[in-house]
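Everything below concerns the one structure shown next.
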Amino acid sequence: MTLEEIRKICLDYPATSEEIKWENDLCFLLGKKMFLIASLNTAPVAVSFKTNPEGFTAFSERPGFRPAPYLARYGWIMVEDIELVSKAEWKLLIQQSYELVLSRLPAKTRKSLGV
């Protein structure tokens, strides 16, 4: 799996945008809320995503996964190397992260975004 493949999966979701934040992180957003962050200055590429409480616990125990710095308290997990995850699993993880962020957006924001 490459960063470009992850980027394509993210951008396939409605109302998704991308933005460079903190000089080295490629962020994918729904409205103004992030659902995936790729660290561009790490080798291998590390990616963080939002998960539910059960997923957070399970992923925290998985080799190559850890609570995301600064975002763990909000249920974010970091994958230290994107190649540790298959394309099929990335699709699922990105979908779940997107849907978690979407579910927390106010109805007015969802309507304005068309989602």
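Please treat every number below as a calculation from the coordinates, not as lab data. Small disclaimer: the values here were computed from a predicted structure and weren't measured. Note that we place each Cβ from the backbone using ideal geometry, even for glycine, and neighbour counts take in every protein chain shown.
Structure notes:
- Relative contact order of the chain, defined on C-alpha pairs under 8 angstrom at six or more residues apart (%): 25 percent
- 10 Å-binned pair-distance histogram of the chain (Cα, whole percent): 14, 50, 31, 5
- Exposure proxy shown here: for SER48, SER86, SER60, the number of other Cβ atoms within 10 Å sets the order, fewest to most, as SER86, SER60, SER48.
- Here the Karplus relation 6.51 cos²θ - 1.76 cosθ + 1.60, evaluated at θ = phi - 60°, turns the backbone of region 45-61 into coupling constants of 5, 9, 10, 10, 8, 7, 9, 7, x, 5, x, 4, 5, 5, 5, 4, 8 Hz, with x for every Gly and Pro.
- Working note: 222 nm ellipticity from helices only, DSSP H runs with n ≥ 4, each -39,500 (n - 2.57), summed and divided by the residues of the chain, gives -11000 deg cm²/dmol to the nearest 500.
- If the chain linking LEU113 and SER17 were pulled fully straight, counting 0.36 nm for each residue of separation and taking away their Cα-Cα distance, it would gain 33.4 nm.
- Under 5 Å from the amide H of VAL45 lie the amide H atoms of ILE82, each residue being 5 or more positions distant or on a separate chain, with H modelled from the backbone and absent for Pro and chain starts.
- Most mobile listed residue (TYR13, TYR70, TYR98) in the chain, GNM with C-alpha springs under 10 Å: TYR70
- Distant-in-sequence amide H partners of LEU40 (H built 1.01 Å from N, under 5 Å): ASP25, LEU26
- Set of aspartates and glutamates with alpha-carbon distance to LYS87 below 15 Å, sequence-local pairs under 8 removed: GLU4, GLU5, ASP12
- Amide H contacts of GLY31: SER17, each under 5 Å away and 5 or more positions distant or on a separate chain (H built 1.01 Å from N in the peptide plane; Pro and chain starts excluded).
- Each residue of region 88-102 was assigned a 3J(HN,Hα) from its phi angle through the Karplus curve 6.51 cos²θ - 1.76 cosθ + 1.60 (θ = phi - 60°); the sequence is 4, 5, 4, 4, 5, 4, 5, 4, 5, 5, 4, 5, 4, 5, 4 Hz, with glycine and proline shown as x.
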